[in-house]
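Student: Here's a structure for you.
Computed from the coordinates by the stated procedures, all read-outs in this text should not be read as laboratory data. Here the structure is a predicted model, which is why all the values come from computation and not from measurement. Glycine gets a Cβ as well: all are built from the backbone with ideal geometry, and neighbour counts include every protein chain shown.
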Amino acid sequence: MALVRPWCANMRGAVLMSGRNVQTLENVRTESGFPQRCHTMSADVTDSSELRQVLEDTEQRFGAIDVAVLNAGTYEASGIDNFNAAAMRKLFAINVFAVAETIEILLPSWRKRRSGTFVLVGSVAGDFGLPYAASYSASKAALSRLAESLYPELLRDGIALHLVSPGFVDTPLTAKNDFPMPFMVSAERAAYEICRGVDKRKFEIRFPWRMSVAMRILRALPYPLQFSLARRMLK
């Protein structure tokens, strides 16, 4: 809901929200402040045919899609005690491949008309492989490299791409974590930062600044120092 309000206020036309939980979507729509402009569709982003159908239905109902906020994502703790390739594959299906499939579906028409905006939601966890987050950090690193690789070509063809790299945001997903989450920001603050970054046409939108700087410093350190600090995070 936090992201819907500023997005509806700053953009013309319809705003479509898709997800698996129809009731949650409807609650967001009615509480958005712009219910007449917000619409919902049930979709599982890991189902290729369902994802394509939703995007096609959207364009038939509302016209060409101008902005795609690819926000689907999940987190599961993954250390050596519970390392599981099947669980990693499932997480990548949501965090990475659903994003790639959406880009694949929209790209031909967007290149033809030379316009469109992708907003990919990654994480500062993609900067460094955090302990107990092997799958999640790897998936967000993959998303960052995907965005960096596509950006120059998309820009050449008139298509914008923004990579959102937040720290901890107060959401139902982070509420499940049982470890300290420094510099956490509200969902409302995160929405403000994302909308402001898109308006300023920034490639990477990072926040909060203290978490962002800390992760960048950690990434820049030699590996012995990186791993020395990482060992302090072990339980």
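Student: Express the Stokes-Einstein translational diffusion coefficient of region 106-167 in µm² s⁻¹, to the nearest whole number, given a Kirkwood radius over alpha-carbon pairs, 4 °C and a viscosity of 1.567 mPa s. Intermediate values should be presented prior to the final figure.
Tutor: On the way: Rh = 12.4 Å.
D = 105 µm²/s.
Student: Amide H neighbours of Val121 under 5 Å, counting only residues 5+ apart in sequence or on other chains, H built in-plane at 1.01 Å?
Tutor: Those lying under 5 Å, H to H, from Val121 are Leu70, Val164.
Student: A further question follows. Once phi is turned into ³J(HN,Hα) by the Karplus curve 6.51 cos²θ - 1.76 cosθ + 1.60 with θ = phi - 60°, what whole-Hz value does each residue of region 127-139 show in order, with x for glycine and proline?
Tutor: Using θ = phi - 60°, the values come out as 6, 8, x, 6, x, 6, 9, 4, 5, 5, 4, 5, 5 Hz.
Student: Would you give the gap between the C-alpha center of region 174-193 and the C-alpha center of region 136-162, rounded to a whole Å?
Tutor: Cα centroid to Cα centroid, the span is 24 Å.
Student: Which whole-number value in Å³ per residue fits the convex hull of the alpha carbons of region 11-85? Walk me through the numbers before you get to the answer.
Tutor: Details: hull volume 9.5 nm³, N = 75.
It is 127 Å³ per residue.
Student: Sticking with this structure for a sec: May I ask for the distance between the Cα centers of region 44-61 and region 196-231, given as a whole number of Å?
Tutor: 34
Student: Collect residues whose amide H, placed 1.01 Å from N in the peptide plane, falls under 5 Å from the amide H of Thr40; neighbours closer than 5 in sequence don't count.
Tutor: Met17
Student: Which three lengths, in whole Å and largest first, does region 142-235 cover when its Cα atoms are put on their principal axes?
Tutor: 47, 33, 20
Student: Once the Cβ-Cβ distance between Asp47 and Asn27 is put in as r, and R0 is 25 Å, what FRET efficiency do you end up with, to the nearest 0.05?
Tutor: Working: r = 23 Å, r/R0 = 0.92.
Calculated transfer efficiency: 0.60.
Student: Please turn the phi angles of region 106-121 into ³J(HN,Hα) values with the Karplus equation 6.51 cos²θ - 1.76 cosθ + 1.60 (θ = phi - 60°), one per residue in order, whole Hz, x for glycine and proline.
Tutor: 3J(HN,Hα) across region 106-121, in whole Hz: 7, 4, x, 6, 5, 5, 5, 8, 6, 7, x, 9, 9, 10, 9, 9.
Student: While we're looking at this one, here's another question. For region 162-173, take each phi angle, set θ = phi - 60°, evaluate the Karplus expression 6.51 cos²θ - 1.76 cosθ + 1.60, and give the result in whole Hz per residue in order, putting x for glycine and proline.
Tutor: 10, 9, 8, 10, x, x, 7, 10, 6, 9, x, 5
Student: Note the direction-averaged projected area, equal to a quarter of the hull surface, for the Cα convex hull of region 49-181, in nm².
Tutor: Working: hull surface 35.8 nm².
Mean projected area of the Cα convex hull: 8.9 nm².
Student: I would also like to ask the following. Remind me, relative contact order of region 65-231 in percent, using alpha carbon pairs under 8 angstrom and six or more residues apart? Numbers along the way, then the final one.
Tutor: Working: 227 pairs, mean separation 37.8, N = 167.
Relative contact order, region 65-231: 23 percent.
Student: Using amide H atoms built 1.01 Å from N in the peptide plane, name the residues 5+ places from Val67, or on other chains, whose amide H lies under 5 Å from its own.
Tutor: Amide H neighbours of Val67, under 5 Å, 5+ apart: Thr117.
Student: Still on this structure, I have one more. When the gyration tensor of the chain is built from Cα positions, what are the square roots of 5 times its three eigenvalues, in whole Å, from largest to smallest? Present the calculation step by step, with values, prior to reporting the outcome.
Tutor: Numbers: eigenvalues 182, 75, 68 Å².
Working through the eigenvalues yields semi-axes of 30, 19, 18 Å.
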